[in-house]
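Report on the following structure.
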Amino acid sequence: MDLKIGNKKENLIKRRCFILGIGLLATDFLLLLNRPLLVAGEINRPYEFTRSDEQWRQILTPEQYRILRQEGTEAPFVNKYCDNKEKGKYYCAGCDQLLFSWRQKFDSQTGWPSFWQPMFSDSIGTRLDMKLGYPRTEVHCSRCGGHLGHVFNDGPAPTYLRYCINSAALNFKP
Ligand SMILES: [Zn+2]
């Protein structure tokens, strides 16, 4: 083969590899940006507190059942604890596990009760949620598996996390 043509081909391949490399790096970077937060990694472990579907329907109100057991979302701003500033603790409406404290609650202006940290990290489980077509981190009660809401990385210091929780999934005790 002509040496010149050989070099040209080699350069072309090198350039293609370089462009491909940049492309892959950009993709990695975008994936990194969109990477869902897995804060207290825990996937599909057996729950300590279990009930049959029939029993859940009896224990919970229809709204609590829709949120906790069917991963529903309640309407913003009109829910029970969105503006609650009382001192007290928030428990799981499904199994009564202690989840959040008023001390970590903040006004996120999103219309849902928001916390920058749960009281104990092992009381919250997380899993990847692709229901809206992009990755979000779903949060649920680690004791009964009841769906609570989602966690986002746009909260205040010191954690910069925002646990966006449905009021119907919680019971507040002053
Ligand atoms: Zn629970």
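Where a number appears in this text, it was derived from the coordinates with a stated rule and is not lab data. None of these values were measured; they are calculated from a predicted model. Here the Cβ is made from the backbone with ideal geometry for all residues, glycine too, and neighbour counts use every protein chain on show.
Which whole-Hz couplings ³J(HN,Hα) result when phi for each residue of segment 133-142 is put into the Karplus expression 6.51 cos²θ - 1.76 cosθ + 1.60, θ = phi - 60°, listed in order with x for Gly and Pro?
These are the phi-based 3J(HN,Hα) values: x, 9, x, 10, 9, 6, 10, 9, 5, 6 Hz.
Give me the one-decimal Kirkwood hydrodynamic radius in Å for segment 39-173, with the sum taken over alpha-carbon pairs.
Final number for the Kirkwood radius of segment 39-173 is 14.8 Å.
Amide H of G111 versus every other amide H placed in the peptide plane: which residues, excluding those fewer than 5 positions away on the same chain, fall under 5 Å?
F77
What net charge do the residues around C92 carry, taking every other residue with its C-beta under 13 Å from that of C92, with Lys and Arg at +1 and Asp and Glu at -1?
For residues surrounding C92, the net value is +3.
Post the alpha-carbon centroid distance, segment 129-165 to segment 61-88, in whole angstrom.
Taking the Cα centre of segment 61-88 as reference, the centre of segment 129-165 is 14 Å away.
What are the ³J(HN,Hα) couplings of segment 157-163, residue after residue, when phi is run through the Karplus curve with 6.51, -1.76, 1.60 and θ = phi - 60°? Round to Hz, x for glycine and proline.
Taking θ as phi minus 60°, the curve returns 4, x, 9, 6, 10, 10, 7 Hz for segment 157-163.
Taking Rh as the Kirkwood radius computed over C-alpha pairs, what is the Stokes-Einstein D of segment 114-174 at 25 °C in a medium of viscosity 0.890 mPa s, expressed in µm² per second?
D, rounded to a whole number, is 203 µm²/s.
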